[in-house]
Amino acid sequence: MKKWLSLFVAALFVLVLSACTATENAGEKPSTETEGGKEETGTETESAPTEKVLYLNNGNEPTSFDPSVGFDAVSWNSLNNLMEGLVRLSEDHLAEPATAEKVDVSDDGLTYTFTIKDDAKWSNGDPVLASDFVYGWLHMLNPETASPAAFLAYFIEGAEAYNDGSGTADAVAIKAVEEKVFEVKLNTPTEAFLNIVTNPSFFPVNEKVATANPTWFAEADSFVGNGPFKLAAWEHDVSLTFEKNENYWDADTVKLDKVEWAMIDDSNTEYQMYKTGDLDVSGVPAELADQLLNDPELKNEDQAGLYFYRFNTSMEPFTNKKIRQAFGLAVDQQEIVEFVTKNGEKPAEGFVPYGFIGPDGKEFRETAGKLVGFDAEKAKTLLAEGMKEEGYTELPAVTLTYSTSDSHKKIAEALQSKFKEVLGVDVALQNVEASVFGAEQKEFKYQLSRSSFLFDYADPVNALESFITGSSMNRTTWSNADFDKLISDIKNETDEAKRWAMLIEADALLMEEMPIFPLYYYNQVTLEKPSVSGIVRHPVGYLDLKWADKN
């Protein structure tokens, strides 16, 4: 017996990128009419329709338009508009029907069967087939592809073994049951499955095209997509041109005729182009953040990620929970965002950030509540209690390590000052080059060190599972059997309400044990012309222009 599952799943699921002098019609193709709507002969004419062209900056050349390889913002932001998966994040960040029109889920939650839309086509007119998803997903998992995204598919039966070389492609449990029917079998029920497969890494690949030309994704004249736009031109390291894809199944929704992408890797140049009308959207240069923060053209939107610090729970004095809590409570997150980062970020109140909506329609963070925050008196009390438990008459020396960067340095210095002010503790600072920092943090060489996390898919478990025992992401040495079991239960729970409650419990347990303390949640701050509307920046990951418009 099978049950039908609506694809409107809460996406809880991952960055783009003033011009007073730009005209309202900047970026539009001029009409052929003269002033007053008359030809020079005086004969009345109808106004020619203007072409809607949006001007954006991609920053850099995309890493790759092979969806299995381009696992970064400079690829995702553009690729997400050229291609589309089985489901797509809506304007409200919900996973909804896209190339697939429905999904059948087995009672045990292990088998998903997708029926692909009859009118789903590639930009060259080919029908999108189930075999195109099989081909694309196996390409991602193929060890020779070396896809940085392959780990996202490990919930599929046989996927990890094929990717690490211990299994075969035939053993990966995905198949084309019929020409338009695609089946996937999972190792365990995965409530986040539909959110995960909105990631561009799970886009299909036109098997016929890719078989004939393995580098189909490298040039505009060979690229074939199935998204709202098609790749019309690509001048490498200079620009990209998108045109509306007339073969897209939902082409009537797409309002833009073209998107012109520059590749300007300098925030000041980008901003100047925005001021002169050459760009419709711009980031905010760091040195102008203060004065532009209240600009009416500025948009400040959530991004699913956070900046935090890790304790090494195997190094004294952070073997003691109360001492960890004391350091965490001595941090004033509001001061950090107001006087140090100054970019409109939200101070962290728990590990999971904003941008995740539960089955009850409420924000995870609002339901979970404030779990951390500045409390000087409690911090002092906990430090004294922790020192007594450990028999310390003097606190062992503490060194805070950060990767070399002006912004990291400012935050580290602010923390150093606060630890001295609140706890009376002198903390030494150590900066390490980024190339060395990451490797040494993974080897547990640091006592207290900075870190960050950006979500790969829109579900809180993506971040929380980083702290299970033995995880490569758990760079704290912290191990907690109750937390491990909770994460395991979350991954196997199919009741959405129960699962959500367990996610909230896991966030609270992590903050209680405090192997880490959070500082602030990331955000996306951009300037956008008043003539532009409908650009969607999902909290997890990528830009969506399907609903964008320009007056």
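The values are calculated or read from the model by the stated rules, or taken from the named source; none is laboratory data. If you're wondering where the values come from, they're calculated on a predicted model, not measured in any experiment. Ideal geometry is used to build each Cβ from the backbone, glycine not excepted, and the neighbour counts take in all protein chains shown. Surface accessibility is based on the protein's heavy atoms, side chains included, excluding ligands, DNA and RNA. Shrake-Rupley method; radii C 1.70, N 1.55, O 1.52, S 1.80 Å.
Every condition in (1) open to solvent by 50 Å² or more (accessible area, probe 1.4 Å); (2) closer than 18 Å to residue 73 by Cβ; (3) in a helix (DSSP H, G or I) holds for residue 270 except the one numbered (1). Of all the criteria given as (1) among the charged types (D, E, K, R); (2) under 16 Å from residue 324 (Cα atoms); (3) modelled with pLDDT under 95, the one not satisfied by residue 450 is (3).
Residue by residue, here is whether (1) touching a Pro at 6+ places or on another chain (Cβ under 9 Å); (2) at pLDDT 95 or above holds:
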residue	(1), (2)
465	no, no
472	no, no
478	yes, yes
482	no, yes
496	yes, no
511	yes, yes
540	no, no
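Of the residues contained in the stretch 341-356, none is found to be at negative phi, assigned to a helix (DSSP H, G or I) and open to solvent by 50 Å² or more (accessible area, probe 1.4 Å).
Residues in the stretch 515-531: is at least one closer than 23 Å to residue 337 by Cβ and part of a loop (DSSP other than H, G, I, E, B)? Yes, the stretch 515-531 contains at least one residue that is closer than 23 Å to residue 337 by Cβ and part of a loop (DSSP other than H, G, I, E, B). The single condition from (1) open to solvent by 50 Å² or more (accessible area, probe 1.4 Å); (2) more than 19 Å from residue 408 (Cα to Cα); (3) at pLDDT 95 or above that residue 335 fails is (2).
Does the stretch 107-119 contain any residue that is of a type outside the set (D, E, K, R), over 28 Å from residue 164 (Cα atoms) and at pLDDT 95 or above? Taking every residue of the stretch 107-119 in turn, at least one turns out to be of a type outside the set (D, E, K, R), over 28 Å from residue 164 (Cα atoms) and at pLDDT 95 or above.
Across the stretch 493-502, a minimum of one residue is classified as part of a helix (DSSP H, G or I), of a type outside the set (A, V, I, L, M) and within 21 Å of the chain's Cα centre (by Cα).
Restricting attention to the stretch 137-174, the residues that are closer than 20 Å to residue 541 by Cβ, among the aromatic types (Phe, Trp, Tyr) and in a helix (DSSP H, G or I) total 2.
Does the stretch 111-118 contain any residue that is open to solvent by less than 10 Å² (accessible area, probe 1.4 Å) and either acidic (Asp, Glu) or touching a strand residue (DSSP E or B) at 6+ places or on another chain (Cβ under 6 Å) (or both)? The answer is yes; a qualifying residue exists. Taking residue 60 and the conditions (1) open to solvent by 50 Å² or more (accessible area, probe 1.4 Å); (2) closer than 20 Å to residue 186 by Cβ, which numbered condition does it fall short on, given that it satisfies the others? Checking residue 60 against (1) open to solvent by 50 Å² or more (accessible area, probe 1.4 Å); (2) closer than 20 Å to residue 186 by Cβ, the one that fails is (2).
Among the helices (runs of 4 or more DSSP H) confined to the stretch 357-476, the ones with at least 1 residues that are basic (Lys, Arg), open to solvent by 20 Å² or more (accessible area, probe 1.4 Å) and out of contact with any strand residue (DSSP E or B) (no Cβ under 7 Å at 6 or more places or on another chain) are located at 376-390, 406-423, 434-442.
Within the stretch 92-104, the set of residues being at pLDDT 90 or above, surrounded by 24 or more Cβ atoms within 10 Å (Cβ to Cβ) and touching a Pro at 6+ places or on another chain (Cβ under 9 Å) comprises just one member, 99.
When you go through 17, 7, 89 one by one, which is the residue that is open to solvent by less than 20 Å² (accessible area, probe 1.4 Å), closer than 22 Å to residue 458 by Cβ, touching an Asp or Glu at 6+ places or on another chain (Cβ under 9 Å) and at pLDDT below 60?
7
For the structure I just gave you, tell me whether residue 527 is closer than 30 Å to residue 257 by Cβ and at pLDDT 95 or above.
yes
So, residue 512, is that one open to solvent by 10 Å² or more (accessible area, probe 1.4 Å), charged (D, E, K, R) and over 23 Å from the mean Cα position of the chain (by Cα) or not? Yes, satisfied. With respect to (1) at positive phi; (2) in contact with a Phe, Trp or Tyr (Cβ under 7 Å, 6 or more places away or on another chain), the lone exception for residue 125 is condition (2). Taken over the stretch 377-431, the residue count meeting the criterion of being modelled with pLDDT under 95 and among the hydroxyl-bearing types (Ser, Thr, Tyr) is 4. Of the residues making up the stretch 321-331, one or more are in a loop (DSSP other than H, G, I, E, B) and hydrophobic (A, V, I, L, M, F, W, C).
Annotation note: Cβ proximity below 9 Å between a residue of the stretch 450-465 that is within 13 Å of residue 364 (Cα to Cα) and a residue that is of a type in the set (Ser, Thr, Tyr) (sequence gap 6+ or interchain) occurs for 458/198. Is it the case, given these coordinates, that residue 212 is small (Gly, Ala, Ser) and modelled with pLDDT under 95? Spelling it out, it is not the case that residue 212 is small (Gly, Ala, Ser) and modelled with pLDDT under 95. Among residues of the stretch 193-242 being part of a strand (DSSP E or B) and not aromatic (Phe, Trp, Tyr), the one that is surrounded by the fewest Cβ atoms within 10 Å (Cβ to Cβ) is 235. Selection within the stretch 477-492: residues that are open to solvent by 20 Å² or more (accessible area, probe 1.4 Å) and in a loop (DSSP other than H, G, I, E, B). The member of this set that is nearest to residue 359 (Cα to Cα) is 480.
Among the residues of the stretch 130-144, the ones that are open to solvent by less than 30 Å² (accessible area, probe 1.4 Å) and either of a type outside the set (A, V, I, L, M, F, W, C) or within 19 Å of residue 188 (Cβ to Cβ) (or both) come to 4 in all.
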